[in-house]
Amino acid sequence: MSPAPVSLYIYYRIAASYAADARVEVEGLIDALTRQFAVSGRLLRALDDATLWMEIYENVAEPLRFEAALNQSLAQTRFESWLSPGSMRRTERFVAL
């Protein structure tokens, strides 16, 4: 029996001055990962805080491979420089009950 698919919830704060560049890059990353891993990915922002973003990837069958590809793709961008001072990417992983 294979393990249950994993859903990843990744949140962070983007510096407002870099929001446009970050959005283009993150949406492109989500599109590429969605195609490569056949997952459902999307980008959200907090209702009351435009700097708080969340990437959601649902039904990830190979979470270790997926996260490695995600991290490798991010390393090829300026993503870290777009984060708000003191912010970092935080990942929460969930499975169905």
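Please treat every number below as a calculation from the coordinates, not as lab data. Computed from a predicted structure; not experimentally measured. Note: ideal-geometry Cβ built from the backbone for every residue, glycine included; neighbour counts use all protein chains shown.
Of note:
- Checking each residue in the range 1-24 for being part of a helix (DSSP H, G or I) and of a type in the set (Phe, Trp, Tyr) picks out only Tyr18.
- Complete set of residues in the range 42-67 that are of a type in the set (A, V, I, L, M) and within 12 Å of the chain's Cα centre (by Cα): Leu43, Leu44, Met54, Ile56
- Residue that is surrounded by the fewest Cβ atoms within 10 Å (Cβ to Cβ), among those in the range 30-43 that are in a strand (DSSP E or B) and in contact with a helix residue (DSSP H, G or I) (Cβ under 6 Å, 6 or more places away or on another chain): Leu43
- Scanning the range 14-41 for residues that are over 12 Å from the mean Cα position of the chain (by Cα) and closer than 22 Å to Pro85 by Cα yields Ile14, Ala15, Ala16, Ser17, Tyr18, Ala19, Ala20, Asp21, Val24.
- Checking each residue in the range 46-97 for being closer than 21 Å to Glu25 by Cβ and of a type in the set (Val, Ile, Thr) picks out Thr51, Ile56, Val60, Thr77, Thr91.
- Residue in the range 1-13 that is farthest from Glu92 (Cα to Cα), counting only those that are of a type in the set (A, V, I, L, M, F, W, C) and within 14 Å of the chain's Cα centre (by Cα): Val6
- Qualifying residue in the range 48-65 (condition: of a type in the set (S, T, N, Q) and at positive phi): yes
- Residue in the range 55-97 that is surrounded by the most Cβ atoms within 10 Å (Cβ to Cβ), counting only those that are among the aliphatic types (A, V, I, L, M) and outside any helix (DSSP H, G or I): Val60
- Checking Glu27 against (1) surrounded by 12 or more Cβ atoms within 10 Å (Cβ to Cβ); (2) not in a helix (DSSP H, G or I), the condition it does not meet: (2)
- Residue pairs whose Cβ atoms lie under 9 Å apart, separated by 6 or more positions or on different chains, with the first residue in the range 81-94 and closer than 25 Å to Pro63 by Cβ and the second in a loop (DSSP other than H, G, I, E, B) and of a type in the set (Gly, Ala, Ser), are Trp82/Ala15; Leu83/Ala15; Ser87/Ala15.
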